[in-house]
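The values are calculated or read from the model by the stated rules, or taken from the named source; none is laboratory data. The model shown is predicted, which means the values in this text are computed figures rather than measured ones. All Cβ positions, even for glycine, are placed from backbone atoms using ideal geometry, and neighbour counts span all protein chains on display.
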Amino acid sequence: MVNKRPIYPQRVRRIPSQFSWLDHRLVRDRHIESCSHPALALYLFLVTVADQEGLSYYSDPSLMTRLCMDAQTLDSARQNLIRARLVAYENPLYQVLSLEPLLESAPLALNRTQMNSPVSIGQMFKQILGEGS
């Protein structure tokens, strides 16, 4: 059994208020324009099968069969969605991300150890100002 947990808890998706299961901001904010057709097919599939937190864990072979993609096309589609910041992926877990703008300036890729470690105020200012890690 896969241990499901949001990869980016601060980006758990919410069903938008407009009458649509897909967020209109995909078009309005031009996210859709940065995605290939295979990436959009993968995104639609992930949105359809994801749970309330946007999580799903379909295997590559299953996705390739259901979406009629080879391994290279699937990998390229996945990387396209990650670069577009529409999904997060930690094998085997996908998270469809919220399209809400992030309020904090912290990088997305904090692991659990980093999130639970004490940080000095000086380190926080350096991170905010981009002066190192």
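Taking helices (runs of 4 or more DSSP H) that do not extend beyond region 1-71, which have at least 2 residues that are in contact with a Lys or Arg (Cβ under 8 Å, 6 or more places away or on another chain) and at pLDDT 95 or above?
Numbers: elements: 25-28, 37-49, 60-67.
Of the helices (runs of 4 or more DSSP H) lying wholly inside region 1-71, those with at least 2 residues that are in contact with a Lys or Arg (Cβ under 8 Å, 6 or more places away or on another chain) and at pLDDT 95 or above span 37-49.
Restricting attention to region 74-85, report how many residues are closer than 13 Å to A41 by Cβ and either surrounded by fewer than 18 Cβ atoms within 10 Å (Cβ to Cβ) or among the hydrophobic types (A, V, I, L, M, F, W, C) (or both).
Step one: list which residues in region 74-85 are closer than 13 Å to A41 by Cβ, which gives 74, 76-78, 80-81.
Filter once more, so that each one left must be either surrounded by fewer than 18 Cβ atoms within 10 Å (Cβ to Cβ) or among the hydrophobic types (A, V, I, L, M, F, W, C) (or both): 74, 76-77, 81.
Final tally of qualifying residues: 4.
Which of (1) modelled with pLDDT under 95; (2) closer than 23 Å to V12 by Cα; (3) in a helix (DSSP H, G or I) is the odd one out, the single condition F125 does not satisfy?
(2)
Would you check which residues across region 36-62 are polar (S, T, N, Q) and free of Cβ contacts under 8 Å to residues at least 12 places away in the same chain and list them? Talk me through it step by step, then tell me what you get.
Let us first name the residues in region 36-62 that are polar (S, T, N, Q), namely 36, 48, 52, 56, 59, 62.
Answer for region 36-62, where residues must be polar (S, T, N, Q) and free of Cβ contacts under 8 Å to residues at least 12 places away in the same chain: T48, Q52, S62.
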